[in-house]
Amino acid sequence: MLIKQEAIVSTALAGAIIGASVGGWINDRFGRKKAIILADTLFFIGSVVMAAAINPAILIVGRVFVGLGVGMASMASPLYISEASPTRVRGALVSLNGFLITGGQFLSYVINLAFTNAPGTWRWMLGVAALPALTQIVLMLMLPESPRWLFRKGKEEEAKQILRKIYPPQDVEDEIITLKESVEMETKDDSTSNKVSIIKLLKTKTVRRGLYAGMGLQIFQQFVGINTVMYYSPTIVQLAGFASNRTALLLSLVTAGINAFGSILSIYFIDKTGRKKLLLFSLSGVVVSLVVLTVVFHQTTTHSPMVSEIETSFFNNTCPDYRTAFDAAKWDCMKCLKASPECGFCASAGNKLLPGACLISNDTTEDQCQKEQRQWYTRGCPSQNGWLALIGLSLYILFFSPGMGTVPWVVNSEIYPLRYRGVCGGMASTSNWVSNLIVAQSFLSLTDAIGTSYTFMIFIFITVAAIVFVVVFVPETKGLPIEEVTMSSTPTGLAQPRHELHSY
C-alpha cells in the first residue's frame with residue numbers, strides 16, 4: 001500500500017519534470033499562449049481521469065497528465081505574464097501569479113474540508129480541479145499572444161498592435177524600437193535559421209551566467225527546505241500541543257493563508273524594493289525561522305515526557321517494542337515513537353508533560369486514550385515550548401513566500417535573451433522540479449539517519465549558502481525593460497542589465 005502511495009505522489013513530480021523540460025521548446029516553437037492552453041488541457045484530462053479512476057494504475061496515469069500540465073504551466077505562465085506586462089508593474093504581475101497559486105492552495109484546503117462528508121470524497125476532490133483548467137482554456141482563447149514572441153517570429157504588425165494596448169502612447173514607440181533592436185541583434189549572426197542551438201547556448205559565457213542565476217535560484221528554492229517544513233507541519237502542530245487531527249487540518253488552513261498573504265507582500269514590494277533585496281530579506285528570515293525550528297525539535301527530542309510502566313499497563317495494549325525492551329525504564333515519548341510506526345504515545349491526563357503510556361498505534365487505542373481525556377501523539381511529542389514551533393513555522397512561510405516563493409519565477413521570466421527565453425526558462429523550471437523530487441524522496445531517510453533537528457540545521461547552512469549565491473550571481477532587474485535586461489554585447493548573449501552585469 002505504501003509503495004502505491006509513493007508511486008502516486010512521485011509520478012506527478014516526474015510528469016512535472018517532463019512537462020517543464022519540453023515546455024521550453026514548445027514555448028519557443030509554438031508560442032506562450034498555445035503552451036499555456038496545452039498545459040491546461042493536460043491538467044483537465046488528468047483531473048477527469050483521476051476522478052473516474054477505477055484502480056491505482058489509472059489514478060497514476062491521471063497524475064502523470066496533471067504533472068505534465070503543472071510542469072509546463074510553471075514556466076509558461078510567468079513567461080507570458082512578464083512579456084505582456086508594462087515594465088513598471090512586471091514584477092508585481094508575475095508575483096500575482098504566485099499569489100493566485102498560493103490562494104488556490106488555500107481554497108483547495110477549504111474545498112477538501114467541505115467534501116470530507118460527501119459520498120465519493122476523493123473523487124470530488126480530484127475532479128473539481130478540472131473546472132479552473134477548463135475556465136482558463138476559454139479565457140486564454142480570448143487573450144493575445146506574447147508581443148515579444150510575435151516580434152521574434154517576424155509578425156511585427158500584430159506585435160505592435162498588442163504593445164499599443166499595453167503601453168501608454170508616450171512609451172509605446174520607444175518600446176517598439178528597443179524590441180526591434182533587440183531582435184535584430186539576436187538574429188544578426190544567424191539570419192538564415194530560427195533554430196535554437198543548445199550547444200551554442202551552453203558555450204556562450206553570458207548565457208551560462210544567466211542559467212547560473214536562474215537555475216540556482218530554482219534549486220535553492222527547494223533545498224532551503226520548504227517542502228520539508230510543509231511536510232512536518234502536522235508534527236509541528238502536535239509539538240505545540242494540538243494533537244487532534246481535525247485541529248491540525250484547521251491549522252493547515254492558517255498555514256496556507258499565511259502562504260497566500262506572503263504572496264500579497266511580494267506583489268507590493270517586488271517593484272519597490274527590487275528582486276535582489278527581497279530575496280536577501282526572505283532568506284535572512286528563513287535562517288531565523290529554521291534556527292527556531294531546530295532548537296524546538298532538539299529540545300523536544302532531548303526533553304520529551306518519560307514512558308510510565310504503570311500508565312502503559314493501564315490500557316492493556318502495550319507497544320510490543322516497549323514490552324520486550326531491556327531498557328524500558330529509560331524510554332521516553334520520542335524513543336517510543338521512533339521504536340516502530342506501530343507505536344504511539346498517550347499523554348498523561350491533566351499534564352501532558354508528565355510520564356505517559358507507550359501503546360499500539362491504531363484507531364481503537366486512540367479512542368481509548370482520548371476517552372480518558374488524554375492527548376494521542378504519533379508524530380511528535382508534547383513539549384512545554386511547543387508554541388515556539390508554531391511561531392517558527394509561521395515565520396518560515398511568511399518570510400519564504402514573498403521572496404524565495406515568487407522571485408525565482410520572476411527573475412527567470414526576465415533575464416534570458418528572447419531567442420533563448422523559452423529553452424532557458426524550461427531548463428530552470430526543470431531544475432526546480434528535479435530538486436523538488438530529490439528533497440521529497442530523501443529527507444525522510446535523512447531524518448531517520450541524523451534526526452529532525454540536525455536535518456533542519458543542514459537547511460540553515462544551505463540557506464546561508466543561498467544568501468551568498470544571491471549576492472554574487474543574481475542581478476537586479478527592477479525597473480528595467482526586458483529588452484534592456486536582455487541586452488548584450490554579442491548577438492546571442494545573455495541578459496545583461498547595463499548597470500548590473502559587472503556584479504556577476
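The values are calculated or read from the model by the stated rules, or taken from the named source; none is laboratory data. These numbers were taken from a predicted model, which means no experiment stands behind them. Neighbour counts are summed over all protein chains in view; Cβ atoms, including those assigned to glycine, are modelled from backbone coordinates with ideal geometry. Just so you know, the surface numbers come from the protein's heavy atoms only, side chains and all, with ligands and any DNA or RNA stripped out. Shrake-Rupley method; radii C 1.70, N 1.55, O 1.52, S 1.80 Å.
In segment 364-386, the count of residues that are open to solvent by less than 50 Å² (accessible area, probe 1.4 Å), of a type outside the set (K, R) and under 30 Å from I264 (Cβ atoms) is one or more. Residues in segment 171-184 that are modelled with pLDDT of 80 or more and surrounded by fewer than 13 Cβ atoms within 10 Å (Cβ to Cβ): D174, I177.
Screening I111 with (1) within 25 Å of W409 (Cα to Cα); (2) within 21 Å of the chain's Cα centre (by Cα) gives one miss only, at (1). Each residue in segment 263-290 was checked for being open to solvent by 30 Å² or more (accessible area, probe 1.4 Å) and under 19 Å from I450 (Cβ atoms), and 0 pass. Taken over segment 379-429, residues that are in contact with a Cys (Cβ under 8 Å, 6 or more places away or on another chain) and closer than 23 Å to L444 by Cα amount to 2.
Only one of the listed residues (V411, V423) is in contact (Cβ under 8 Å) with a residue 60 or more places away in the chain, among the hydrophobic types (A, V, I, L, M, F, W, C) and surrounded by fewer than 24 Cβ atoms within 10 Å (Cβ to Cβ). That residue is V423. Being open to solvent by 40 Å² or more (accessible area, probe 1.4 Å) and not hydrophobic (A, V, I, L, M, F, W, C) is not true of S74. Taking the numbered list (1) surrounded by fewer than 19 Cβ atoms within 10 Å (Cβ to Cβ); (2) at pLDDT below 60 in turn, I450 passes all entries but (2).
On the stretch given as segment 400-441, residues that are out of contact with any Leu (no Cβ under 8 Å at 6 or more places or on another chain), in a helix (DSSP H, G or I) and either under 18 Å from I270 (Cβ atoms) or modelled with pLDDT of 80 or more (or both) total 12. Among the numbered conditions (1) open to solvent by 10 Å² or more (accessible area, probe 1.4 Å); (2) in the same structural domain as L107 (by the TED database), the only one that L337 does not meet is (2). Against the numbered list (1) closer than 19 Å to G422 by Cα; (2) open to solvent by less than 50 Å² (accessible area, probe 1.4 Å); (3) without any contact (Cβ under 8 Å) to a residue 40 or more places away in the chain, G104 comes up short only at (1).
Tell me, which residue of segment 291-314 that is open to solvent by less than 20 Å² (accessible area, probe 1.4 Å) and assigned to a loop (DSSP other than H, G, I, E, B) is modelled with the highest pLDDT? Restricting to residues being open to solvent by less than 20 Å² (accessible area, probe 1.4 Å) and assigned to a loop (DSSP other than H, G, I, E, B), the top hit is P305. Beta carbons closer than 6 Å, at least 6 apart along the sequence or on distinct chains, pair a first residue in segment 212-238 that is assigned by the TED database to the domain that holds V286 with a second that is open to solvent by 10 Å² or more (accessible area, probe 1.4 Å) and among the hydroxyl-bearing types (S, T, Y) for M215/S431; Q218/S431; I219/S431; S233/T255. Just one of the listed residues (V49, V94, V66) is farther than 30 Å from G274 by Cβ, assigned by the TED database to the domain that holds I267, surrounded by 24 or more Cβ atoms within 10 Å (Cβ to Cβ) and of a type in the set (V, I, T), namely V66.
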